[in-house]
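Read the structure below first, then the notes.
The values are calculated or read from the model by the stated rules, or taken from the named source; none is laboratory data. In this text the structure is predicted, and so the values were computed from the model without any measurement. Because the Cβ atoms are built from the backbone with ideal geometry, glycine has one as well, and the counts that use them run over all protein chains shown.
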């Protein structure tokens, strides 16, 4: 399908983004859908959004002629569009219209591969569709009769549709609950093995999956494409000091991420919540790398993980910079603690990064005396499995073990 991408640049919006890179990102989002061909893209400057049509009547007429000339079947608007605006614009232009949230949902629906990913997308889509029912289409305002078990007499079509969506949401949440329970069991199984979790996070298309493949030897889909990764992938990695870790690749973040998606993918992002170390991967060659980093930091804060785990910044795609700028960027990274300039594609800078990960994950240990009852063999076996027991003495009444453990191991022991 031929598509036209429009980025409304609203002067009245205090939080408006730089329009040129914003439009480029919107075009890249559209390109992420295989069945779309972007035949036009432009910035539409507006003093303010018109309540009913978003654009002024003159601009609507101008765009209508452009849509006809280009043979466009879909208009993508990079921003929020109300249900009323969507209905009116589709009527004016005679084409299908998607706003930013709708487009991201389409991409997620196309990419989700695991059962959990599919359910998360369906839940987000239903939450989004429910908001579009309010005055979205005039045919939904009609009254309809019906038997009691179908819908009471006089129930409006919009109420019936809303009820159907609510029932579907309840069903999907029930299915998700069982999937999340399975994920929790997997997490508990991993917690018994003393492997720290390192989560790769970052803006979409920052190169997380390429870095993941470089460090693990895996073959996760890694393309120059927004949202190439939706479902979390985990692999074991051995660091240079012999430490074994679990590396997790996660869904990429994006500015103005729809609230429906933040809520729906919270379960997927729980891998980040449990991480012992977060590696924030940045595309340092991108014109808006600072703004992207700020968006990622804001989402991490909303998830409640910004202050709970140590973080390393990975300035990726250093190979995309001119030689002089690459050298300056590497020098800047060297002057900052916990910042590493790398190329996941070529492998440059991997060794210092791995050493830093190992150093960060080697927390201080403390000596403690643990007293156990003779019948508490499970806890004793756990301590030996962790390799923290330095000495053990038996008495008539109990077992006394001297242990040398990390705070994480002590916390896990207290939960047994």
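Below, the figures for the structure above:
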| quantity | calculated |
| --- | --- |
| Residue in the range 363-372 that is within 40 Å of the chain's Cα centre (by Cα) and within 30 Å of residue 210 (Cα to Cα) present | yes |
| Residue check for residue 257: in a loop (DSSP other than H, G, I, E, B), at pLDDT 65 or above, under 30 Å from residue 14 (Cα atoms) and in contact with a helix residue (DSSP H, G or I) (Cβ under 7 Å, 6 or more places away or on another chain) | yes |
| Of all residues making up the range 364-386, the number that are touching a strand residue (DSSP E or B) at 6+ places or on another chain (Cβ under 8 Å) and farther than 15 Å from residue 404 by Cβ | 7 |
| Residue tally, condition in a strand (DSSP E or B) and in contact (Cβ under 8 Å) with a residue 24 or more places away in the chain, over the range 378-407 | 8 |
| Test: residue in the range 231-245 that is under 27 Å from residue 26 (Cα atoms), at pLDDT below 70 and either buried (at least 22 other Cβ atoms within 10 Å of the Cβ) or not assigned by TED's automatic domain parsing to the domain that holds residue 27 (or both) | yes |
| Qualifying residues in the range 310-348 (those that are assigned to a loop (DSSP other than H, G, I, E, B) and out of contact with any strand residue (DSSP E or B) (no Cβ under 9 Å at 6 or more places or on another chain)) - the one surrounded by the most Cβ atoms within 10 Å (Cβ to Cβ) | 321 |
| Residue tally, condition surrounded by 14 or more Cβ atoms within 10 Å (Cβ to Cβ) and either more than 19 Å from residue 243 (Cβ to Cβ) or in contact with a strand residue (DSSP E or B) (Cβ under 8 Å, 6 or more places away or on another chain) (or both), over the range 399-416 | 10 |
| Residue match in the range 190-207 (condition: part of a helix (DSSP H, G or I), more than 21 Å from the chain's Cα centre (by Cα) and either crowded, with 20+ Cβ neighbours inside 10 Å or modelled with pLDDT under 85 (or both)) | yes |
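Let's see how each residue does on (1) within 16 Å of residue 256 (Cα to Cα); (2) buried (at least 17 other Cβ atoms within 10 Å of the Cβ):
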| residue | (1), (2) |
| --- | --- |
| 36 | no, yes |
| 43 | no, no |
| 58 | no, no |
| 62 | no, no |
| 76 | yes, yes |
| 96 | no, no |
